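Report on the following structure.
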Amino acid sequence: MRKRMKNVALMVLGLALTGAVLTGCGESRQSRQDTQQDISTGISEETEQASIAEKTEADETEQAAQTSEGYEDNFAVDSEAAKEFAEKVKEATAQKDLEALAELTAFPVYVGLPDVGVVETKEDFLKLDAEAVFTDELLESIEKADIENFQPSMAGFPISDGRIASINFGVVDGELAINGINY
């Protein structure tokens, strides 16, 4: 009987130890899952915060390129703004409106007419003969120019149907302005 009691005691003790071990492992496993979940959540939050910071930085860079100071350079000009400016140039040219063209121009400006070259001021530009400025070749080239797909370059944006006759514009002192008329 004593032997049987000893076996029962050992069995109860074994079960108690097994229960304790299983309970401890369960807590440990749950604790590890919680820790892994906390780490994953932390990484996700950090990734999301970094993504938001990158987007904010990109937005600030874009806004800085077009602030009250204007555009930083030709590459900061979006295609819609370039198209809108080109439409104004095309309209002034079609109407042979020297005054309107002068308003869109930064001075000094290159005007590739014989005996003209660089025109220093708006007043000097307005003294030019409109018939000399608005040649048939320039009018036709500007009229047929594709202004839908401008690609910026260091020189700016040429308005032309591919001919030499063109009006070029770009960023001058932060604003879009005509910077050359070629014949």
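The values are calculated or read from the model by the stated rules, or taken from the named source; none is laboratory data. Quantities reported herein were computed from a predicted structural model and do not represent experimental measurements. Every residue, glycine among them, receives a Cβ derived from its backbone with ideal geometry; neighbour counts consider all protein chains shown.
For D173, indicate whether it is exposed (fewer than 12 other Cβ atoms within 10 Å of the Cβ), closer than 21 Å to F107 by Cα and under 28 Å from the mean Cα position of the chain (by Cα).
For D173, the condition - exposed (fewer than 12 other Cβ atoms within 10 Å of the Cβ), closer than 21 Å to F107 by Cα and under 28 Å from the mean Cα position of the chain (by Cα) - is met.
Failed condition for E140, given (1) assigned to a helix (DSSP H, G or I); (2) touching a residue at least 40 places away in the same chain (Cβ under 8 Å), with all others met?
Here E140 meets the rest and fails (2).
Could you give me the residue pairs with C-beta distances under 7 Å whose first residue belongs to the stretch 85-102 and is on the phi < 0 side of the Ramachandran plot and loosely packed, with under 14 Cβ neighbours inside 10 Å, whose second residue is part of a helix (DSSP H, G or I) and not charged (D, E, K, R) wherever it lies, and which are 6+ apart or on separate chains?
Between residues of the stretch 85-102 that are on the phi < 0 side of the Ramachandran plot and loosely packed, with under 14 Cβ neighbours inside 10 Å and residues that are part of a helix (DSSP H, G or I) and not charged (D, E, K, R), the close pairs are E99/L126.
Could you figure out which of (1) closer than 26 Å to D73 by Cβ; (2) in contact with a Leu (Cβ under 7 Å, 6 or more places away or on another chain) isn't true of L101?
(2)
Name the single residue that is surrounded by the most Cβ atoms within 10 Å (Cβ to Cβ) among those in the stretch 114-132 being out of contact with any strand residue (DSSP E or B) (no Cβ under 7 Å at 6 or more places or on another chain) and part of a helix (DSSP H, G or I).
That would be D124.
Identify, from the list G112, G117, the residue that is under 20 Å from I164 (Cα atoms), small (G, A, S), over 29 Å from the mean Cα position of the chain (by Cα) and at pLDDT below 95.
Answer to the check: G117.
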